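See below for the structure under consideration.
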Amino acid sequence: MNPYPALVASVTRHRGVTACLVVMEDDGIVVEATAQIGVETAAFAALTASLYRKSARAAAAAGFGGVSFCELEAERGRVLAAGRNGLVMVAVAEPRVNLGLLRLELLRAAAAL
């Protein structure tokens, strides 16, 4: 049974989440995704996977160990990512999202990857 649809649904049920994706960390290929109209998932997945990989390299260079969570805050929203086992769980959210709750849900979902 494929666990990814349930993991994506657990993240997208939060108010303010506009997209959720499971992507491969190495190449950004989409494994599972759901998004509102207007979110281009293929390009977004590749760019987010690259951002996550670079965050992991930066953390390693600083001597911090592995990355468990990454967040990008922009004018009109946030991108949150958590990875495990070569996969990255990504959420796209509006600024009004309950960030603490979404972070916990994303980390929980990533732990199940």
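The values are calculated or read from the model by the stated rules, or taken from the named source; none is laboratory data. What you see is a predicted model; the values in this text were computed from it and never measured. Cβ: placed from backbone, ideal geometry, glycine included. Neighbour counts: every protein chain shown. With ligands, DNA and RNA removed, areas are computed over all heavy atoms of the protein, side chains included. Shrake-Rupley method; radii C 1.70, N 1.55, O 1.52, S 1.80 Å.
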*asked:* Under 10 Å, Cα contacts only: if you run a Gaussian network model on the chain, which one of A61, A93, A82 comes out with the highest mean-square fluctuation?
replied: A61
*Among A35, A43, A81: highest mean-square fluctuation, GNM of the chain, C-alpha pairs under 10 Å*: A43
*Whole-Hz couplings from phi, Karplus 6.51/-1.76/1.60, listed for the range 73-80; x for Gly and Pro*: 10, 10, 4, 10, x, 9, 10, 10
*Can you tell me the dipole magnitude for the chain around its Cα centre, using point charges on the Cβ only (Lys, Arg +1; Asp, Glu -1), in Debye to the nearest 20?*
280
_Residue-normalised accessible area of the chain, expressed per residue, 1.4 Å probe, Å²_ = 56
*Where the centre of each part is set by its Cα atoms, how far does the range 78-100 sit from the range 14-71, in angstrom?*
7
*With springs only between Cα atoms under 10 Å, which of E75, E40, E32 fluctuates most in a Gaussian network model of the chain?*
E75
*Taking amide H positions as placed 1.01 Å from N in the peptide plane, with prolines and chain starts having none, which residues 5 or more places from N98, or on another chain, fall under 5 Å of its amide H?*
none
*Over the chain, what is the mean sequence separation of C-alpha contacts under 8 Å (at least six apart), divided by residue count, expressed as relative contact order in percent?*
29
*Just need log10 I(q)/I(0) for the chain at q = 0.18 Å⁻¹, Debye formula, equal scatterers on the alpha-carbon atoms, no solvent, rounded to two decimals.*
-0.83
*At a Förster radius of 25 Å, what calculated FRET efficiency corresponds to the Cβ-Cβ distance of R76 and D27, to the nearest 0.05?*
0.35
